[in-house]
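What follows is a short report on a single structure.
The values are calculated or read from the model by the stated rules, or taken from the named source; none is laboratory data. Predicted model, so just to flag it, every value in this text is computed and none were measured. Cβ atoms come from the backbone with ideal geometry, glycine included; neighbour counts cover every protein chain shown.
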Amino acid sequence: MTALTNRRDIVDGLSHIVGIGLDLVEISRVARSLERWGDRLVNKLMDGDEAGRLPAGGADRASAVALAIALKEAASKALGTGWSHGVAWRQVVVAADPPVRLTGRAEEVARIRGSSGRTTVAVETRGDLLLAEVWLLG
């Protein structure tokens, strides 16, 4: 996981930052939700391709789902919409490169707000807490 650091090196030369979102998730709470809801929870949050990249089970799966939830929530906050205005969980895709990709209505909202749709992220884990930061870039 990447620690949150001074982001000046990332944004130098960019025209502007359109939005910043932060989210904090308890990994143990996600683990309990996975035990209770299993694939129903995952399918609400992710399409088949995104879900297929998750570890098979256990603590690694719970951590990966917690990371996805935190990044998706932070991205919705950076957009300024939350989960409204037609923006849905599955339209914020957590992947390797780019780490957060916007699709559908989420991408439309980003462009309306003056963003190129590019994002940069930082993640920090401290014990059971996972903090995600998403910057929506111009």
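Numbers at a glance
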item	result
Complete set of residues in segment 116-138 that are modelled with pLDDT of 95 or more and part of a loop (DSSP other than H, G, I, E, B)	Gly127, Asp128
Pair list, Cβ < 6 Å and 6+ apart or interchain, from segment 18-44 residues that are on the phi < 0 side of the Ramachandran plot to residues that are of a type in the set (Phe, Trp, Tyr) and buried (at least 17 other Cβ atoms within 10 Å of the Cβ)	Ile20/Trp135
In segment 14-39, the residues that are under 19 Å from the mean Cα position of the chain (by Cα) and basic (Lys, Arg)	Arg29
Selected residue [under 29 Å from Gly138 (Cα atoms), exposed (fewer than 14 other Cβ atoms within 10 Å of the Cβ) and either out of contact with any Ser or Thr (no Cβ under 6 Å at 6 or more places or on another chain) or modelled with pLDDT of 95 or more (or both)] from Ser76, Ser84	Ser84
Among the candidates Arg111, Arg90, residue that is among the charged types (D, E, K, R) and under 15 Å from the mean Cα position of the chain (by Cα)	Arg90
Failed item in (1) surrounded by fewer than 16 Cβ atoms within 10 Å (Cβ to Cβ); (2) in contact with a strand residue (DSSP E or B) (Cβ under 9 Å, 6 or more places away or on another chain); (3) not acidic (Asp, Glu), with Gly52 passing the rest	(2)
